[in-house]
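Reading through the structure tokens given below for one structure.
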Ligand SMILES: C[S@@+](CC[C@H](N)C(=O)[O-])C[C@H]1O[C@@H](n2cnc3c(N)ncnc32)[C@H](O)[C@@H]1O
């Protein structure tokens, strides 16, 4: 009960600060804290904001990129406009939306991707967490081919099954991949941010994250099932029947 009270109180405090600072959501502070620590956005950067509603991250991204930068956001829900950002309504996993997003940059490459994407929450934790990681894998597959060499990628993930597998698949595409938990999201949930810096495009045909991620999860599932081909191990132990007069 006390923990719950503390969490609610902290969330309220970030909400009040957001309101006082003119940000639309307390999540704005998460991106600010990620930036403070990891310096992912530079003045003049082209930034893609995935899952941008209601626009808190877009507001921060516009401040960080300045006049010469460009911020394009995309979300299933429409946002009240943010000065200096182009916010598109659509599903980032849909090819048509992807094309509109890329056209909006008027450039063949993007410098930074920031993704706070969260699927619709059903309340069944295992399902929500798995769907969220699949969605993140899809965002990587869309964005990696257009992320410039040396570019950065930040994404929210929910801790749980599959996180290690996803990180292992992402690592070859970047110089560093780190987990970071901003103060503004601590105690509030199991969310954490993956901060992937200095993109180095992986060569070869098998670069896609989502199919490999699904495969690794299937392997993990298979690994937990009993394999009937394996012979039982022979041991030197035998079970001695207890004699009725044993004590
Ligand atoms: C936590 S909110 C983002 C908050 C935002 N960063 C801010 O600061 O205002 C997550 C968003 O992801 C969006 N989303 C979920 N699935 C999506 C998809 N397939 N394509 C685009 N947006 C998606 C949701 O609609 C939701 O608005």
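We did not get these values from a lab; they are worked out from the coordinates using the rules stated. Computed from a prediction, not measured in an experiment: that's the story for all the values here. A quick note on method: Cβ atoms are made from the backbone with ideal geometry, for glycine too, and the neighbour counts reach across all protein chains shown.
General observations
- At q = 0.10, 0.19 Å⁻¹ the log10 of I(q)/I(0) for segment 2-224 amounts to -0.43, -1.61, computed by Debye summation with a single uniform scatterer per C-alpha, solvent ignored.
- Between residue 161 and residue 127, the contour length at 0.36 nm per residue exceeds the alpha carbon distance by 11.2 nm.
- Cα-projected label distance for residue 91 with residue 42, points at 7 Å along beta-carbon direction, nm: 3.7
- Take the Kirkwood radius over Cα pairs of segment 39-91, plug it into Stokes-Einstein at 10 °C and 1.306 mPa s, and you get 149 µm²/s for translational diffusion.
- Alpha-carbon Rg/Rh ratio, for segment 49-156, with Rh computed the Kirkwood way: 0.96
- The modelled label-to-label distance between residue 67 and residue 16, using points 7 Å beyond Cα along the C-beta direction, is 3.7 nm.
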